[in-house]
Amino acid sequence: MGNVIEPRAIIVDDHPIVRNALVTSLLTLNVFEEVETANCFQELNEKLARNSDFQLLILDLSLSDSSGSGGIALIRERYPNIPILVFSASDDVDTIILCFEHGVHGFVSKNSPMQIFVNAIRVVLEGGIYIPPSAAQRLEFGLSEPTDSESHPENQRPQFTPKQQEVFEQLLQGVPNRIIAKRLGMAEGTVKTHLHKIYQLLHVNSRAKAILKSQQLQLMV
């Protein structure tokens, strides 16, 4: 049998009490074999430059040297294979949508119970994308099973072209537009055009809603 890869995570938060509590909880619950920490975006960059072999990056949005989603975009471009789970006190709808536009794999409010946090981590580690039900409700998106698809064409499975399907699969992996373009040999503008048509076919207007609709229609790959 081959060697089993023990998952490693890095937590970025500028509050030492939060960092230490998360490390202790995740190690105690055997979620990770090893958990590194960074207290700012610069320290994160330095650690990733030395060793980027992490299966998850847990990121606070409000750091002393980076605020909002700007840091997410840089990390996703430099290290597209590291999934990002945002763990933030700022959990308004616009923030959540913007995070998913930049390709995060999950979003959890700091007000959530630890079990919700752990569940989100497990979903992301298994290759999924986690949007909490409360966020789905605030995005005005129901997760009920589609019914009577003939009367509600928005609940029908979309018919993507082969290129749209390729872009769609990259979207569901949390890949940013620029990286999708590189992987598929397209111009970034072409990727955006495909995404626009994908959103039309799914009857949504953002990545977060596209992911939720994909879960509803059982389109997740």
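Tell me whether segment 69-109 comes out rounded, prolate or oblate; compute the Cα gyration tensor, take square roots of the eigenvalues as a ≥ b ≥ c, and use a/c under 1.5 as the rounded threshold.
Numbers: a/c = 2.26, a/b = 1.75, b/c = 1.29.
It is prolate, given that a/c is not under 1.5 and a/b is the larger ratio.
Using the Cβ atoms and a cut-off under 14 Å, what net charge is assigned to the surroundings of residue 129, where Lys and Arg are +1 and Asp and Glu are -1?
Surrounding charge for residue 129 is +2.
Students often check this: by mean Cβ neighbours within 10 Å, which of 26-39, 87-100 ranks highest, and how do the rest follow?
Averaged packing, sorted descending, gives the order 87-100, 26-39.
Can you give the net charge of the other residues whose Cβ lies under 12 Å from the Cβ of residue 176, counting K and R as +1 and D and E as -1? Before the final figure, lay out the partial values.
Working: positive: 76, 78, 178, 182, 183, 192, 207; negative: 77, 101, 188.
The answer is +4.
How big is the charge dipole of the chain about its Cα centre, in debye rounded to the nearest 20, if each Lys and Arg gets +1 on its Cβ and each Asp and Glu gets -1 on its Cβ?
So the magnitude is around 540 debye.
Over segment 6-114, one equal point on each Cα, no solvent: what is log10 I(q)/I(0) by the Debye formula at q = 0.10 Å⁻¹?
Values, matching the q order: -0.25.
Over the chain, with a Gaussian network built from C-alpha contacts below 10 Å, which listed residue (176, 132, 83) shows the highest mean-square fluctuation?
Its mean-square fluctuation being the largest, the pick is 132.
Count of lysine pairs in the chain with Cα atoms under 28 Å apart, counting only pairs 8 or more residues apart in sequence or on different chains?
Summing the qualifying lysine pairs gives 17.
Calculate the dipole size of segment 1-83 relative to its Cα centre from +1 charges on Lys and Arg beta carbons and -1 charges on Asp and Glu beta carbons; express the result in debye to the nearest 20. Write out the running numbers ahead of the final one.
Details: 6 positive and 12 negative charges, 29 e Å.
The dipole of segment 1-83 has a size of about 140 debye.
Tell me, Kirkwood radius of the chain from alpha-carbon pair distances, in Å?
18.2
Before rounding to the nearest 500, sum -39500 (n - 2.57) across all DSSP H runs of length at least 4 in the chain and divide by the residue total; then give [θ] at 222 nm in deg cm²/dmol.
Here the helix-only value at 222 nm equals -14000 deg cm²/dmol.
What does the charge count near residue 6 come to, summing +1 for each Lys or Arg and -1 for each Asp or Glu among other residues with Cβ under 12 Å from its Cβ? Provide the component values of the computation, followed by the final result.
Values: positive: 8; negative: 33, 34, 53.
So the surrounding residues net to -2.
Hey, in the GNM for the chain with a 10 angstrom Cα cutoff, which one of 111, 51, 119 fluctuates hardest?
51
Based on the Cβ-Cβ distance from residue 43 to residue 190, what FRET efficiency comes out when R0 is 45 Å, to the nearest 0.05?
About 0.75, to the nearest 0.05.
What's the angle, to the nearest 10 degrees (0 to 90), between helix 207-216's Cα axis and the longest principal axis of the chain?
Helix 207-216 sits at roughly 70 degrees to that axis.
Quick note: the coordinates plus some simple rules give every number you see, no bench work behind them. On a predicted model such as this, the values are computed, not experimentally measured, just so you know. As a convention, Cβ positions derive from the backbone with ideal geometry for all residues, glycine included, and neighbour counts pool all protein chains shown.
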